[in-house]
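Taking it in order: structure first as structure tokens, then the write-up.
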Amino acid sequence: MPRGTARPTPGASPSGFVGADRVIVDINDRGAGPDDPLVGLLPAGDETAESGRGLWIAHQLDLEVTMLVEDGFTVRVRAERDLSAAT
């Protein structure tokens, strides 16, 4: 998916899972992934840029972010659900 959009680009395939205690979202494309293994751990260098902040924001929200290189490149974002807050 292009950064911050709801429509996948050609070749990108989003998928998701909602379980009783977790939510998992995968975005997969045919690319090789970023060259920098630490991408997303620091904000993008250009604060005026309109893109390039997705992985950084996911890390700031304390979401589990995994980058996989299998059959293309996949970013997996996982969040635990706090069931104690449900009424």
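Every number in this text was worked out from the coordinates using simple rules, so none of it is lab data. Quantities reported herein were computed from a predicted structural model and do not represent experimental measurements. Methodologically, a virtual Cβ is constructed for each residue, glycine included, from the backbone with ideal geometry; neighbour enumeration extends over all protein chains shown.
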*Using the Cα gyration tensor of region 13-77, with a ≥ b ≥ c the square roots of its eigenvalues, what is the shape: rounded (a/c below 1.5), prolate (a/b larger than b/c) or oblate (neither)?*
oblate
*Mind ordering 64-71, 27-34, 15-22, 53-60 by average Cβ neighbours within 10 Å, highest first?*
53-60, 27-34, 64-71, 15-22
